[in-house]
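Please read the structure below before turning to the comments.
The values are calculated or read from the model by the stated rules, or taken from the named source; none is laboratory data. These numbers come from a predicted model, not from an experiment. A quick note on method: Cβ atoms are made from the backbone with ideal geometry, for glycine too, and the neighbour counts reach across all protein chains shown. When the accessible area is computed, the model is the full protein with side chains, heavy atoms only, and any ligands, DNA or RNA have been set aside. Shrake-Rupley method; radii C 1.70, N 1.55, O 1.52, S 1.80 Å.
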Amino acid sequence: RKKQPKIVNNIAVTAALMLFCTAVSFVFHYLKMFESNIVMIYLCGILLISYLVESYVFSIAASVCAVFLYNFFFTEPYFTFKVNDPNYIFTFMVMFLVGFITSLLTIRLKLERQQVKEREEYISLLYNIEKKLLNVKGREELAKITAEMLSVRFNADVIVKLFNLKGDLDFQCLKGADVFQSEVDNYAQQEAYRFGRTCGRGTEIYPGAKGFYKALAEQENVLGVIGISMRKGLELTEPQYKFIDVITPQISVVLQREINYQNQQKVQIEIQKERLRTDMLRSISHDFRTPLAGVMGMASTTLENYDKISDEVKKKHLKSICEDAEWLNELVENILQATRFEEGTMKLDMDEEAVEEIISEAVAIVKKHGDGYKIQVNMPEEMIFIKVDGVLIRQVLVNLLNNAMNYSPEGSEIYLSVTSANNGVKFEVKDNGIGIPEADMPYVFDRYRRSSNASIRNEKGLGLGLSLCKSIVEAHNGEISIRKNHPNGTVVSFYIPAEKESS
């Protein structure tokens, strides 16, 4: 369809230039100029035709036409093709050869120049494509960039399908019209994926398909399929086929790189999970060992010396057993709550609660096994009500107060303050103890993280307490932070907004 207008245009250019050269030659002939000048006019016309038309056929035709025109109009006898002087025959031959050879050289030079330019554009295009592919992050982005790149390059409808190792479709990206849904096209896509064959339009396999399909394969593993359907019914050209052959291995390499990266990430996640499980078991066994040892020691001492010890000592032993049992209960509760948050099964029981009551209950729980500490509570005079899960917020305060005791010597004062702030409530627990080591500060809210300071009371470490506090506070759309208390100690504060925006 495109060749016919081009041929007509070439004929028109050749005819117009030959007529122009003839007109100029008539002027030279009228002015009695040398015949060699007329010959040069025609040779210039042949060169110009060769440059504009870029066809060897038209160069030959222009050379022949120039000889006949020169013979017909400017050699005696005029207006005939007869030749009186035999020397003109040699002139015609030289004129034809010079015109033809120079036109051939002109065409070849221009074609080589055009090829160099196309090669530069091709290399530049490949470089830009490589640059884009190197910056790809994720398989989905790779599919989008590939589809967009091929669509712009070919002005075509493009589909890119990426599959996982199980053969299931992971991502699909379409640019242009969706012309790839016919039965033949589906068979062609399956053929390209299963056997890595190039098939579809323009091939011997499913030639009736609307799209041309190429497998994205790396080391005999087919990772995806690209489909190209030229718009307006056009076919892919040979350079376009070569471009696809060059670019698909590069896309496959990037795709394999992304798959390897994802597999590596999965392995790292599994390793991290395994480490967390190990740390959890170590942390739980360590935290359970102390109260269990206390319960077992007190119980066995009481049983073995039941008749020898007084009732007062028995009561003291029973009280110690009760405190250690409460400690165990608290640890179990922390573990259960942390597990629920991790699995996403925790549901908040939101209700309007009096802050004073939550604090009173928390302090009462802590004082059962913290008689050696002075807990100072600072609250505003007016009653503060807030919509929260009272049980969970109380647990946050219990954990923070227990943590303050763990980092403070017996007899220390611990301060608990409550203030209204920014349409919400701010809680703050402050101690004057040894403080959290600088190395532990960035990780205090990490789950199963244990303190690096071995001198902390009971060696309970950080465990689940602060991590659980963070989960509970964030579940209430709040914020929690920790900082040093100068000159000694630590301050942990958390903010709960007055209304929870989302469940």
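Can you send over the carbon and sulfur percentage of the accessible area for the chain, probe radius 1.4 Å, protein chains only? Here it works out to 56 percent.
Among residues other than Tyr241 with Cβ under 15 Å from its Cβ, the summed charge is +1 (Lys and Arg +1, Asp and Glu -1). Per residue of the chain, the DSSP helices (runs of n ≥ 4 H) give a summed -39500 (n - 2.57) that works out to -20000 deg cm²/dmol at 222 nm.
In what sequence, largest accessible area first, do Tyr30, Tyr51 appear using a 1.4 Å probe? Intermediate values should be presented prior to the final figure.
Working: Tyr30 180, Tyr51 110 Å².
Listed by decreasing accessible area, they come as Tyr30, Tyr51.
Here Ile269 and Asn135 are evaluated by their C-beta separation; at R0 = 30 Å the FRET efficiency comes out at 0.80.
Please sort 133-139, 361-367, 39-45, 113-119 by packing, taking for each peptide the average over its residues of neighbouring beta carbons within 10 angstrom, highest first. Please report the intermediate quantities before stating the final value.
Working: 133-139: 14.0, 361-367: 17.4, 39-45: 20.1, 113-119: 10.4.
The peptides rank, most packed first, as 39-45, 361-367, 133-139, 113-119.
For the stretch 202-324, the alpha-carbon coordinates run over 105, 23, 20 Å along the three principal axes, in decreasing order. Over the chain, consider all pairs of different Cα atoms and compute the Kirkwood hydrodynamic radius from their mean reciprocal separation; express it in Å, one decimal. Hydrodynamic radius (Kirkwood, Cα only) of the chain equals 32.1 Å.
Among the GluC sites (Glu not before Pro) found in the stretch 160-250, those both in a DSSP coil and sparsely packed, with 12 or fewer other Cβ atoms within 10 Å of their Cβ, are Glu204, Glu220, Glu235.
Extension gain for His29 to Asp245 (0.36 nm times residue separation, less C-alpha to C-alpha distance): 71.8 nm.
Computed over every Cα-Cα pair of the stretch 57-191 and binned at 10 Å starting from 0, the pair-distance distribution P(r) comes out as 10, 21, 16, 11, 11, 12, 11, 6, 1 percent. By the Cα gyration tensor, the stretch 17-88 has an equivalent ellipsoid whose semi-axes, rounded to whole angstrom, run 22, 14, 9 from largest to smallest.
Could you give the accessible area per residue of the chain, probe 1.4 Å, as a whole number in Å²? Walk me through the intermediate numbers first.
Values: 29320 Å² over 503 residues.
Here the per-residue accessible area is 58 Å².
As a ratio to 2.2 N^0.38 Å, the alpha-carbon radius of gyration for the stretch 127-205 is 1.16.
In the stretch 161-221, what trypsin sites (Lys or Arg not before Pro) fall in a loop by DSSP, with at most 14 other Cβ atoms inside 10 Å? Can you show the working numbers first?
Numbers: sites: Lys161, Lys166, Lys175, Arg194, Arg197, Arg201, Lys210, Lys214; in loops: Lys166, Arg197, Arg201, Lys210.
Within the stretch 161-221, the qualifying trypsin sites (Lys or Arg not before Pro) (loop, at most 14 other Cβ atoms within 10 Å) are Lys166.
For the chain, the relative contact order works out to 7 percent when only alpha carbon pairs closer than 8 Å and six or more residues apart are counted.
The percentage of C-alpha pairs in the stretch 1-129 whose separation is greater than 19 Å is 55%.
When the residues Phe74, Phe171, Phe68 are ordered by accessible surface, computed with a 1.4 Å probe over the protein chains alone, the sequence from largest down reads Phe68, Phe171, Phe74.
3J(HN,Hα) along the stretch 424-436, derived from phi through the Karplus expression 6.51 cos²θ - 1.76 cosθ + 1.60 where θ = phi - 60°, amounts to x, 10, 10, 9, 9, 10, 10, 10, 10, x, 6, x, 7 Hz, with x in place of Gly and Pro.
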